[in-house]
Amino acid sequence: MKIGLDFGTSNTVVAYLENRTPAVMKFTYGGVVRDVFPSVSFYPHGEARGVHGLEALECAFRKPGTLIRSLKRSLRNYYPGLQIQEGEFKWEVKDLLVDFLKILRETIVSTQHLGSEELEALLTVPANANGAQRFVTRQAFREAGFTVLPRMIDEPTASAIEFSYSGLSDRLSVRGKPVYVLVYDLGGGTFDVSLVRIEPQRYTVIASAGIERLGGDDFDRCLYQMVIESRQLQALSPLQEKLLLHRCCEAKESLSNIIDPKYVRIDLEEARIGEGAVRLRVEDYYERILPLVNQTLLKLEEVLHSEAARAEGISSLAQIEKIYLVGGSSRLPLILRRVQEKYGQDKVHLSSLPFASIALGACHMAQEKIEVEQVLSRTFGVIRTCGGREYFDPIFEKGTKIPAVKRFEISPEHNIGHYRYLECVEHRDGQAISPRMWSEIFFPYDPDWDLSRLPQSADIEIKQYGSGGSKVIEEFSCDENGLITVNLIRQADSLSIKYEIWPQ
Ligand SMILES: Nc1ncnc2c1ncn2[C@@H]1O[C@H](COP(=O)(O)OP(=O)(O)OP(=O)(O)O)[C@@H](O)[C@H]1O
Ligand SMILES: [Mg+2]
């Protein structure tokens with residue numbers, strides 16, 4: 001079975017083909033049916049195994065233990081061995097992820113009665129995901145037993161696919177002209193915005209930007225803070241904190257069920273904090289979160305007026321078919337209100353299934369022959385030393401269309417090549433801003449180096465050659481998923497070593 005899979009900060013959504021149409025998979029636990037598998041794990045104290053998804057949410061309210069939420073947020077800073085700690089408990093992030101995904105897989109296999117049938121997943125990642133996140137996501141799904149389809153796509157790109165299938169594709173073929181959509185994806189933990197050109201069976205990302213740490217979790221946190229302030233609550237236990245956050249999240253979500261709500265109510269008893277409930281004015285809450293919402297609008301502007309958009313001939317909003325709102329947090333009434341105030345009612349379309357748009361788009365991609373062209377969300381480069389000074393030398397700039405290759409020929413002046421690769425969102429005057437370290441590689445430039453042992457950091461005592469050393473070719477390739485390899489070739493004897501560039 002081929003599925004589209006959106007592993008989200010709050011929820012994991014699976015789409016599969018039902019009667020030849022992508023549909024959202026349902027999950028059941030204890031009589032409750034949901035069309036998401038919550039991205040939540042719970043490790044009861046004193047028990048060897050954790051529980052996941054709906055079962056985890058249910059258990060967390062009645063047993064002592066550790067509740068792991070928003071694990072996806074930890075993937076942004078991923079390096080092998082990264083741990084999260086709570087009290088005396090410590091876990092490796094990757095182990096937690098694999099644990100969760102194994103149960104997700106087992107649940108899909110059993111609800112769909114797949115038996116030994118292969119489960120092939122097309123994965124999605126945030127458009128602004130760095131290389132480490134892409135790498136660990138793919139790796140963890142494989143370790144959990146999924147067959148990972150070679151193509152991974154960015155979450156807003158998947159939504160653009162879903163958008164074109166939700167009625168627009170007819171108009172597309174009639175007009176024969178490309179259509180542009182601006183996907184605004186506000187989920188539980190991340191915000192992404194992408195400008196996508198849609199042609200029949202072909203999607204091209206023109207520009208993309210995002211905010212790594214902005215989503216529904218932050219809106220929950222603001223409401224939580226308001227509750228704390230209104231009751232001057234102090235020293236909550238970790239469990240009370242989590243329960244209160246959960247109640248705040250539910251209260252926030254209830255705002256979209258009522259027309260023009262005036263108050264939001266948070267029950268303290270259910271959070272095991274005290275008696276009664278806190279009642280807050282919705283407008284006060286909206287005022288509190290408005291600066292966050294405005295940040296998303298600034299990013300939207302950045303993409304709409306980017307150089308890439310200009311190069312595509314887009315000079316005004318009139319050329320954009322729709323601003324398409326997806327992601328569960330887009331259902332917060334304030335979001336639609338603010339985006340419509342700024343861009344007009346007709347321009348803005350809230351997806352009918354904002355939480356599932358990405359998985360449905362990914363499912364289309366998994367089944368059909370669809371071409372997707374994306375751009376790199378980070379600048380990837382290397383630290384070079386020159387005249388005793390270190391500087392950042394970009395290799396693939398942010399916005400580069402992928403897949404991409406680059407080739408350099410260098411004349412080394414010493415016996416060992418010491419490469420330190422990294423990526424960053426910005427760089428200035430030869431320096432990377434907030435860099436994220438990737439592989440450190442040592443390559444033997446010296447043809448006399450004993451190859452039974454490749455150079456390591458201890459060999460860093462580098463001998464200068466002066467000039468006249470053997471030439472070295474550096475071939476970089478960034479695949480269509482944004483994963484990078486480098487092939488270093490020593491010309492004198494054609495020694496060639498290929499390195500996958502990993503997070504460290
Ligand atoms: N009706 C609603 N009103 C407001 N917020 C909502 C509503 N329904 C869901 N949300 C919020 O949407 C978020 C989850 O959305 P979604 O499932 O799209 O995110 P995700 O895919 O898990 O996260 P991300 O894409 O950031 O990794 C949660 O913060 C949830 O509280
Ligand atoms: Mg999402």
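What follows draws every value from the coordinates through simple rules; no lab data is involved. Quantities reported herein were computed from a predicted structural model and do not represent experimental measurements. Don't worry about glycine lacking a Cβ; one is built from the backbone with ideal geometry, like all the others, and counts go over all protein chains shown.
Put simply, when 278-288, 350-360 are sorted by average Cβ atoms within 10 angstrom per residue, most first, you get 350-360, 278-288. Its residues counted as N, the range 216-287 yields a C-alpha radius of gyration over 2.2 N^0.38 Å of 1.02.
Placing dummy labels 7 Å off each Cα toward the beta-carbon, the span from GLN232 to LYS177 is 6.4 nm.
Summing Lys and Arg as +1 and Asp and Glu as -1 over all other residues whose Cβ lies under 9 Å from the Cβ of VAL181 gives a net charge of +1. Between the listed residues ILE258, LEU71, GLY167, the Cα displaced farthest toward the positive end of the dipole of the chain, a dipole computed from Cβ unit charges relative to the Cα centre, is found at ILE258. Using the Cβ-Cβ distance between ILE410 and ARG288 with R0 set to 60 Å, the FRET efficiency works out to roughly 0.65. Expressed to the nearest 5 percent, the antiparallel share of DSSP beta bridges inside the range 2-153 is 80 percent. Taking Lys and Arg as +1 and Asp and Glu as -1, the other residues whose beta-carbon sits under 9 Å from that of PRO156 total -4. For the range 175-263, the Cβ-based charge dipole about the Cα centre amounts to some 300 debye (Lys, Arg positive; Asp, Glu negative; other atoms uncharged). Take ARG213, project a point 7 Å from its Cα along the Cβ direction, then tell me which residues of the range 426-451 have their backbone nitrogen under 18 Å from it. Counting only backbone N, you get 426, 433-437. Label-to-label distance, GLN345 versus LEU17, with points set 7 angstrom from Cα along the beta-carbon direction: 4.1 nm. Count charges around SER230 for me, please; just the other residues with Cβ under 11 Å from its Cβ, Lys/Arg as +1, Asp/Glu as -1. Cβ neighbours under 11 Å give a net charge of +1. Between the range 241-280 and the range 38-79, the alpha-carbon centres lie 22 Å apart. The long axis of helix 216-231 is offset from the longest Cα principal axis of the chain by roughly 50 degrees. Proximity of backbone amide H atoms, modeled 1.01 Å from N, is registered between ASN11 and SER39 at under 5 Å, excluding neighbours fewer than 5 places apart on the same chain.
Each DSSP beta bridge with both residues in the chain is either parallel or antiparallel, and the antiparallel ones are about 85%.
Straightening the chain between THR28 and GLU371 buys 120.0 nm, computed as 0.36 nm per residue apart minus the Cα-Cα spacing. In this model, which of LYS406/LYS498; LYS177/LYS299; LYS2/LYS369; LYS26/LYS72 are farther than 24 Å apart at the alpha-carbon? Over 24 Å Cα-Cα: LYS177/LYS299. With Cα atoms as the point set, the radius of gyration and Dmax of the chain evaluate to 24.8, 81 Å. Once the chain from HIS305 to SER70 is taken as fully extended at 0.36 nm per residue, the excess over their C-alpha distance is 81.4 nm. If only the Cβ of Lys and Arg carry +1 and only the Cβ of Asp and Glu carry -1, the dipole of the range 305-422 around its Cα centre is close to 360 debye. Put a dot 7 Å past the Cα of GLU397, heading toward its Cβ, do the same for GLU86, and the two dots end up 4.4 nm apart. The angle between the Cα long axis of helix 357-367 and the main principal axis of the chain comes to about 50°, on a 0 to 90 degree scale. Values of log10 I(q)/I(0) for the range 26-149 across q = 0.11, 0.15 Å⁻¹ run -0.40, -0.75, by the Debye formula with one identical scatterer at each alpha carbon and no solvent.
Here the peptides 208-217, 441-450 are ranked by packing, the mean other Cβ count within 10 Å, and the order with the highest first is 208-217, 441-450. Mind giving me the FRET efficiency for ASN487 and GLU426? R0 is 22 Å, r the Cβ-Cβ distance, nearest 0.05 is fine. Plugging the Cβ-Cβ distance into 1/(1 + (r/R0)^6) gives 0.20.
The magnitude of the dipole of the range 2-153, with charges of +1 and -1 set on the Cβ of Lys/Arg and Asp/Glu and taken from the Cα centre, is near 400 debye. Angle of helix 238-254 to the longest C-alpha principal axis of the chain, folded into 0 to 90 degrees and rounded to 10: 70°.
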